[in-house]
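Structure record follows, encoded as structure tokens.
Just so it is clear, none of the values below were taken in a lab; they were calculated from the coordinates. Just so it is clear, the structure is predicted and the values come from calculations on it, not from any experiment. Cβ: placed from backbone, ideal geometry, glycine included. Neighbour counts: every protein chain shown.
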Amino acid sequence: MGKVSPFHSTHPSASVYHDNSSCTEGNNIEAKYKKSGTDGRPKCDHCKRL
């Protein structure tokens with residue numbers, strides 16, 4: 001577990017990207033909303049701490 005390729009949620013309320021497989025927020029993204037890349041968003045605070 002740890003660093004993974006950046007991904008983000010396409011859900012309208014999402015505003016950050018994730019890059020850690022241990023991030024609970026990132027792991028809660030439904031498959032239909034999960035997309036690879038950062039989309040120019042800031043990194044998730046939880047991912048920063050991991």
> What number comes out for the charge environment of residue 12, summing +1 per Lys or Arg and -1 per Asp or Glu over other residues with Cβ under 15 Å away?
Replying inline: +2
> Hey, if you drop one equal point scatterer on each alpha-carbon of the chain and run the Debye formula without solvent, what base-10 log of I(q)/I(0) do you get at q = 0.25, 0.29 Å⁻¹?
Replying inline: -0.89, -1.21
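Taking the beta-carbon count within 10 Å as an exposure proxy, list 21, 5 from fewest neighbours to most.
On the way: 21 13, 5 9.
So the ranking, lowest neighbour count to highest, is 5, 21.
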